[in-house]
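Engineer: Just dropping this structure here.
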Amino acid sequence: MLPSVWPGDLLTVRRQSFSEFQSGEIVLYEREAGENTLTRPYGPASPGGRGFVAHRIVRRNGRQLITRGDSLRQNDAPVDEEQVLGRVVCVTRNGRHIGLEFTRKRRIAAWVLRRSDLAGRVLLRFARRSKKFYQT
């Protein structure tokens, strides 16, 4: 979900009625290993079994949500109502609350990340180094 959500961010999730979900919101849902969930090569590897996915809602399709990561080119497989755990209401990074809006800066960063895996790896490496710098 770069650039909106980074590895290590703490997500606060709130349950809500399925009918309340709207396009543009970030939703947390559960996927079985091997289901059609798109990932990036620089994302964390998940072990077998179930995994959690936090992606932005693109649209609704009856009792399913169509989602996509901010920096991904394609939508995920449809998400059934039973898979949905809740809506992400807060992202905390290094003790600070981060806005969930898909701002112009994030749209530009997502556009670059969609086209370059190298850009994603460089961005994450830079973030890790700067995090270590501030922790010392």
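Quick note: the coordinates plus some simple rules give every number you see, no bench work behind them. Being a predicted model, the structure only gives us computed values, none of them experimental. Note: ideal-geometry Cβ built from the backbone for every residue, glycine included; neighbour counts use all protein chains shown.
Engineer: GLY62: net charge of surrounding residues, Cβ under 14 Å, Lys/Arg +1, Asp/Glu -1, itself excluded?
Structural biologist: Numbers: positive: ARG59, ARG60, ARG63; negative: ASP80, GLU81, GLU82.
Value of the local net charge: 0.
Engineer: How far apart, in nanometres, would the label points at ASN61 and GLN74 be if each is projected 7 angstrom from Cα along the Cα-to-Cβ direction?
Structural biologist: 1.3
Engineer: Next question, about the same structure. When you count, for each residue, the other Cβ atoms within 10 Å and take the mean per peptide, how do 6-17, 110-121 rank with the highest first?
Structural biologist: The most tightly packed comes first, giving 110-121, 6-17.
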